[in-house]
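Laboratory data are not the source of any read-out in this text; all were calculated from the coordinates shown. Every value quoted in this text rests on a predicted model; they were computed, and no experiment measured them. As a convention, Cβ positions derive from the backbone with ideal geometry for all residues, glycine included, and neighbour counts pool all protein chains shown.
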Amino acid sequence: MMKRWLAVAAIFALVATACTAGSEDPGPEPEPPSTTGEQEPVTLEMWGAWTGRELDQFNQIFEGFTEQYPWITVRSRGGVGDQKIITAINSGEPPDVVLSFVLDNIGQFCSSGAWQDLTPYMERDGFDLSQFPAAALQYTSFGGSQCALPFLTDAYGLYYNVDMFEEAGITEPPTTLSELADVAKQLTVFGPDGSIERAGIVMATGYYETTVLTMGSMFGVEWYSEDGTQSAIDDDPAWTAFFEWQKEFIADVYGEGDFQTGADRLERFVAGQGDEFSTANDFQEGRVAMNLDGEWRTAFIADEAPDLNYATAPFPVPDDRADQYGMGQIGGTIIGIPQGSDNPEEAWLLLQYMATDTDTLVYMANNVRNVPTTVAALESPDLDVTPQFQTFLDIFQHPGSHYKQHSAIGSADQTTLADFAARWQAGTATDLEAGLQQVAQQIDDQLAQAA
Amino acid sequence: MTVGRHAALIAVATIFMAPFFFVFMTAVMTDQQAVTPSFWPRPFQWDNFAEVFRRTPLVRFAWNTTQIAVLSTMGILLSCIPVAYALSRIRWRGRQAAFVLVLSTLMLPIQVTIVPLYLIWVRLGQIGHFTPLILPSFLGDAFSIFLLRQFFLTIPEELSDAARVDGASEFQIMTRVIVPLAKPAIAAVALFNFLYNWNDLFAPLLFLGTNEELWTLTIAMSEFTQRHGTEWNLTMAASVLFILPVIILFFLAQRVFVEGVTLTGVKG
Amino acid sequence: MGIAAGAGVIRRRPRRRNLKRGLTILLFMSPWIAGFCFLILYPMLSSLYFSFTKYALLSAPEWIGLENYRLLFTRDPFFWLAIRNTVWIIAVGVPLRIAFAIFTAWLLTRPQRGSRVYRTLYFLPSMAPPAAAALAFVVVFNPRFGPVNQILGAFGVDEPPLWFYGPGSSKWGLVLLALWGVGDAMIIFLAGLLNVPRQLYEAADIEGASGWQKFRHITLPMISPVIFFSLLIGVIYGFQLFTQAYVVALAVSGSSVADAAQGLGTPQGSMLFFSVYLFEQGFLSFRMGYASALAWVLFFIAMVCTLALIKGSRRWVHYQGGGFR
């Protein structure tokens, strides 16, 4: 009997030691390479998430980098999602530089050291962080570690159909939520059977970019307590305010006062949405009069629906937060150096270049239509700006704009809340307080494990 | 043959074929039309198939998939035939218990073992290579063993006994007596495994995802449904191209398939 | 074979021959034994170990004892939701699939012109790769654009189901997908039906039995081993349902930048099956320890159900040759 237990214990020990793949060693001692004189040629592996046309445009930027640092070649690979990045880091053979669209994993990347803390590099080289708007630095760091730099960002605002506005005699875009409800009611068209033929605006999750994240940010919600150890979803009154407002909005605009009617009609309308990134996009087709969307939509409309007469504006804010008008949710692409990179010093050079070279950022902004992330790039005269695109540049620089607080559980907090939100807006879940408490508890449980 | 039965036959056949029809129709539509309610492509964009080839190196991926499928199938046959033989053609104590154990591994959800398995391959440095997909085939597969065993059991014992008396070793009996008689079952196992490997997404994605050179067709297909636009028409076109070899294979080997599937169920 | 020679074989049994036999058996079984230890036993023990840790994949696992299991059973509503969904799909999907398989097989039992063609057509859908088939169904069952609702609308149905976009109908969409792929089960039942001795039916006809009586008292008992086998396989694989649910949920929840927050299992968690939840926790939420605990609970539940099924089978399964396996 004893022997068997020893054998089992031996197996466990083997497994335990086997599983320290990955990382408890501290960061490397930074040593600046000489930027002059003889250099060993270095090839940097760069993995990013861009694909297709955008990837081709993205790959152009490395020419400028190699001009500046002729001994460094960059090999860029597209279509790489976070899963592959995590896999590569785990397997001990990561690329030198990584680019990700998924902000939420920063918490885990920073806290586990999977993406290296750039602070030692920045301090040694005197890297000036004021080049970036404060909000951009906030979403690229976690727990005291600045493990990424921003590289272009998204900003969300209100898109509205000017023709439909003029038809209804509306001259100004709504700036508060009650104005939004009024306008939405005016612009909503019902069919003879009561179904929604044209919606004013869809304020429900499961529809394009309308999520608990984007909607909640208008209410200034807090996701976590100050110290980040506890979920604030059950504490912050802004959450309650948001959910209750949503119910009233749906009842008012779509249900003639009755929530369930409105919710059912909206559910059916949402199920029939056109594919977001196709020409059947509801806003581009005129199936919806207003939409919460990101700045990249301007490029899609220019490309696919150039005759659409539309305009953009910051998204309306709750009546009691009217002074915050002009803010919006922001957050975008991040770049970093993974743990185990073969050429961290050269990778740092590339990172700096990508994040701060004005020409690069302006080029990307003009082609891929994202918002550039340095103050210099935002003010550059070379930036190709349409009035509709300008809205988003302004939103990004508004002091109230931000991304949510990070945590080490990735996007699990959003997923958990989104599940409740979906049931709330369908009328399946009716006890708001209990629902939020349960969500908070689930998030707390996960937080405790991720630390 | 009643009219009712005939009608039912046709109705069911129509229902089964309808999705194929719609997939094919969508595959030759323009991107715009693919997301609209229309059934009939206007115009017929046959170029979609060429576009799929242009977008992704389908030939290379098909070759990768073929290599994996063929090598795995060979491995399965080499490893499962002896095991099935031992479980059915040699009498020994504990044979029944061993068989139950083999069968019970079918109940193991892959999620229970996948992460440690993945880590093993990481430590062996084999992520991004074909090894994690091919090597396990050489170590047996419960379902194939089950199927082969069932068939081996139907071959009369006298044949084996006669050979033993003549002084043949078990190995010789297996290769000279049993295998030739079990050709239908073996062919069926080969085809099933080939099909399984051809269609598998999870394992290739997990082990080969980081190395695009070695991607399989299934991974390539899943990449069509990515951010910034599912191009449904191309996705469906890719699906058609993907299913085509399988359909051709089936037509050529229909009888073996049917007999193979039959063998698992009838004897219990 | 002379009697003398036969007697010689029985009496001798030298040790060397026994040893040789033993080694042969071991040799023949060795691939599977190696596979069992390397691919099954070792990972199983590993994952058991992980289930007692918190393990974020990017850093080393940390022992936390029974904490995962405690959270799982007492504080995780998704766990119970996943179990309910999984049990539902098994309880509804497996019997329906078997019934449909018997029906379609029965359609094919009378030889007729083109029966091989029909057989091929019926079998074909089950050969389509699961992910592609799932995507095809998302297109075909799109509530606004898809042919199914268009046809329903033409027949005057006012509010056709939302299929994969509605919490009440999404699982039914998956059931239909499973029925569409019934080919592999159908072939087995076809063989089973053809195996029923004709004389039994003839005898029943003489007695004046009705079609239904013949089915209930002859056909069903005769194909009960096949039903049992299909039930068993259906339950085992039902617990592991992943690909179709995953692909459909992703396609339905939209592909946007914000896809993280839409979550798997949409709409409203109706397609959150056990293995989908497990995958999400382990590979997307950095909770590999918790996911391992989930995996073991899944294994345990599947084992219990399977054993119950096997035990219960003694009562209603009838073997022509007598005896099991």
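Cross-link partners of A:LYS247 among lysines, defined as those whose alpha carbon lies under 18 angstrom from its own and excluding same-chain residues fewer than eight positions apart: A:LYS185. Derived value for the stretch A:230-344: Kirkwood hydrodynamic radius 17.9 Å. Basis is the mean of 1/r over every pair of different alpha-carbon atoms.
When the alpha-carbon atoms of the stretch A:294-451 are used, the pair Rg, Dmax equals 20.1, 55 angstrom.
Normalised radius of gyration (Cα atoms, divided by 2.2 N^0.38 Å) for the stretch C:33-181: 1.52.
On a per residue basis, the convex hull of the C-alpha atoms belonging to the protein assembly as shown measures out at 202 Å³.
In the P(r) worked out for the stretch A:65-182, what percent of Cα pairs fall beyond 20 Å? The share of Cα pairs beyond 20 Å in the stretch A:65-182 comes to 61 percent. Just checking the listed ones, C:ASP76, C:ASP184, C:ASP205: in the Gaussian network model of chain C with Cα springs under 10 Å, the one fluctuating most is C:ASP205.
Dipole size in debye (nearest 20) for chain B around its Cα centre, Lys and Arg Cβ +1, Asp and Glu Cβ -1? All intermediate terms of the calculation are to be shown ahead of the outcome.
On the way: 17 positive and 15 negative charges, 107 e Å.
Dipole magnitude for chain B comes out near 520 debye.
Report the trypsin sites (Lys or Arg not before Pro) located in the stretch C:71-138 that are in a DSSP loop and have at most 11 other Cβ atoms inside 10 Å of their Cβ, or state none. Sparse-neighbourhood loop trypsin sites (Lys or Arg not before Pro): C:ARG113.
Nearest 5 percent is fine: what portion of the DSSP beta bridges confined to chain A is antiparallel? Numbers along the way, then the final one.
Numbers: 24 of 36 bridges.
Beta bridges within chain A, antiparallel portion: roughly 65 percent.
On the principal axes of its alpha carbon atoms, chain A extends 73, 71, 36 Å, with the longest extent given first.
Kirkwood hydrodynamic radius (Cα pairs, Å) of the stretch B:1-124?
Details: mean 1/r = 0.0480 Å⁻¹.
Kirkwood hydrodynamic radius for the stretch B:1-124: 20.8 Å.
In what order do A:CYS110, C:CYS37, C:CYS305, B:CYS80 fall by count of nearby beta-carbon atoms within 10 Å, going from fewest to most? Show your work: numbers first, answer last.
Values: A:CYS110 24, C:CYS37 11, C:CYS305 18, B:CYS80 28.
Final ranking by Cβ density, sparse to dense: C:CYS37, C:CYS305, A:CYS110, B:CYS80.
Shown for A:ASP431, A:ASP96: other C-beta atoms within 10 Å of each C-beta, ranked fewest to most, produce the order A:ASP431, A:ASP96.
Computed over the Cα atoms of the stretch C:173-287, the ratio of the radius of gyration to the Kirkwood radius (Rg/Rh) comes to 1.23.
Applying Stokes-Einstein at 4 °C and 1.567 mPa s to the Kirkwood radius of the stretch C:83-165, computed over alpha-carbon pairs, gives a translational diffusion coefficient of 83 µm² s⁻¹.
Across B:ILE219, B:ILE15, B:ILE127, mean-square fluctuation computed from a Gaussian network of chain B (C-alpha pairs under 10 Å connected) peaks at B:ILE15.
Shown for A:LEU350, A:LEU137, A:LEU152: other C-beta atoms within 10 Å of each C-beta, ranked fewest to most, produce the order A:LEU137, A:LEU350, A:LEU152. Placing dummy labels 7 Å off each Cα toward the beta-carbon, the span from A:ARG75 to C:ARG314 is 6.4 nm.
Identify which of C:PRO95, C:PRO160, C:PRO221 has the largest mean-square fluctuation in a Gaussian network model of chain C, with springs joining Cα atoms closer than 10 Å. Answer for the Gaussian network model of chain C: C:PRO160. Residues whose amide H lies under 5 Å from that of A:ILE330, counting only those 5 or more places away or on a different chain, are A:HIS402, A:TYR403; hydrogens are built 1.01 Å from N in the peptide plane. Using a cutoff of 8 angstrom between alpha carbon atoms and counting only pairs six or more residues apart, the relative contact order for chain B works out to 31 percent. Taking 7 Å steps out from each Cα toward its Cβ at A:ALA376 and B:ILE110 produces label points 5.0 nm apart.
Three principal axis extents describe the C-alpha atoms of chain C; from largest down they are 83, 61, 33 Å.
How large is Rg over Rh for the stretch A:130-207, taking Rg from the Cα atoms and Rh as the Kirkwood inverse mean of 1/r across Cα pairs?
Numbers: Rg = 19.3 Å, Rh = 16.1 Å.
Result for the stretch A:130-207 is an Rg/Rh of 1.20.
With the alpha-carbon atoms of the stretch A:41-88 aligned to their principal axes, the span from lowest to highest coordinate is 32, 25, 9 Å, starting with the largest.
For chain B, the Kirkwood hydrodynamic radius comes to 21.6 Å, computed from all pairs of different C-alpha atoms.
If r is the Cβ-Cβ distance from B:LEU249 to B:HIS129 and R0 is 22 Å, what FRET efficiency results, to the nearest 0.05? Walk me through the intermediate numbers first.
On the way: r = 26 Å, r/R0 = 1.20.
That gives a FRET efficiency of 0.25.
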